[in-house]
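Please treat every number below as a calculation from the coordinates, not as lab data. Everything numeric in this text was worked out from a predicted model, so none of it was measured.
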Amino acid sequence: MAALAPYAGQAHVVGLTGSPGVGKSTATSALVKVLRSEGKRVGVLAVDPSSPFSGGALLGDRVRMGDHALDEGVYIRSMASRGHLGGLAWTTPQALRVLDAAGFDVVLVETVGVGQSEVEVAGLADTTVVLLAPGMGDGIQAAKAGILEIGDVFVVNKADREGADQTRRELRSMIAQSSRGAEGRDGSWKPPIVSTEARAGTGFDQLATALAEHRAWLESSGELEQRRTRRARDEIEAIALTALRTRWGQLHGNHDLDALAASVASGESDPYAAADRLLGSLD
Ligand SMILES: Nc1nc2c(ncn2[C@@H]2O[C@H](COP(=O)(O)OP(=O)(O)OP(=O)(O)O)[C@@H](O)[C@H]2O)c(=O)[nH]1
Ligand SMILES: [Mg+2]
């Protein structure tokens, strides 16, 4: 990581998230095609937050992205994050850093939007793309999961399906009603909505343009630096916390923690004092 540090910081990291089956992998593949036609080298990370190993769904992704298998300008890697210490926050930034330092112009990170993972992926990316599709009840989900807050660019995929216009309208009015409705004034970013048909590859020129515009805005507004600093802070914290956990696990085999837990449960001690003692035992 120390050797890579001087080479990192050039790539445009784009996160793609959305409900299972919304078309993230198909869209990623179509986007890769457009970016390649612009001569950009593209890295793809498909992160599965729900699986402790790289299994079936990710193999399916390889097949869907098979078009690019022989292209030397494209690198595709699937990884699982559950079961790794620190989860997504621990494993993904390191993989991103390697791809960035290797000179990929754009790195696409696909994560299925379940639970907290879409918020996490937004923390890792320069630009977050939220995908929705008609007939998936995504409108209500979007409002619930707070994905309106994290999207820099919204994609309504499966534009060939009935209800795509409706989904687009709902999304537009939700954005207008949300705290983001006022954005676009005073030089702030107003998230665009792009319609795509990933299987046919339609709409991806527009998506690539929206991504490039967002990247330009990030640079001119100073937001890129802010996001990257925030990301580095999260990364340091994840590494340090993981190291702490490892240390008290290694040093004490968790006996201290067990004993402290028993003393708190029985009322002999309180959790604050116990936590102090646990931290103190590391010095
Ligand atoms: N009709 C239609 N189907 C599409 C479109 N894009 C993707 N699909 C289909 O939707 C299904 C799911 O696509 P994926 O790309 O695997 O979706 P995903 O979001 O990556 O799925 P997970 O990774 O499992 O969450 C596949 O059968 C695709 O062929 C589209 O624009 N129109
Ligand atoms: Mg997928």
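Values for this structure:
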{"read-out": "Eligible aspartates and glutamates near Lys24 by straight Cα distance, threshold 18 Å, same-chain separation 8 or greater", "value": "Asp48, Asp61, Asp67, Glu110, Glu118, Glu120, Asp126, Asp138, Asp152, Asp160, Glu197, Asp205"}
{"read-out": "Amide H contacts under 5 Å for Leu16, placed H, 5+ residues apart", "value": "Val109, Glu110, Thr111, Val129"}
{"read-out": "Gain upon complete extension [Ala261, Arg230; 0.36 nm per residue less C-alpha separation]", "value": "7.8 nm"}
